[in-house]
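The values are calculated or read from the model by the stated rules, or taken from the named source; none is laboratory data. What you see is a predicted model; the values in this text were computed from it and never measured. Here the Cβ positions follow ideal geometry from the backbone for every residue, glycine too, while neighbour counts run over all protein chains shown.
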Amino acid sequence: MSKKEMPPSANPYLLPLSILLAGAMIAGAILYTRWPERSPAGGAPPTATAPTASSSGESRDLMVDIAGAPRQGRATARLMLIEFSDYQ
């Protein structure tokens, strides 16, 4: 590339340096998010606890009145998923 084609104020190293800087930032972000958690200063590392079962583990049938509720699919389906959500 000759000097006639390049604007006088353009730095030829600006684009390669910006690409390297962006790559270093992306690599740093990946390493930062995948780095193992550190324990708080002066404290013991957190220990995992096993979840406790609140029920006896037996399954039971529940009857839910869905008359007039919006649904998708057949009304006589063997399995029905009910989703509860809170918009706010």
Which of the residues spanning the stretch 27-53 are closer than 25 Å to Ile82 by Cβ and modelled with pLDDT of 65 or more?
Pro51
Does any residue in the stretch 72-88 that is closer than 19 Å to Asp61 by Cβ come within less than 9 Å, Cβ to Cβ, of a residue that is among the acidic types (Asp, Glu) six or more places away or on a different chain, and which pairs are these?
none
On the given criteria, is Leu17 modelled with pLDDT of 80 or more, over 28 Å from the mean Cα position of the chain (by Cα) and of a type in the set (A, V, I, L, M, F, W, C)?
yes
Going by the conditions given, is Ala75 out of contact with any Asp or Glu (no Cβ under 9 Å at 6 or more places or on another chain), among the small types (Gly, Ala, Ser) and either part of a helix (DSSP H, G or I) or modelled with pLDDT of 80 or more (or both)?
no
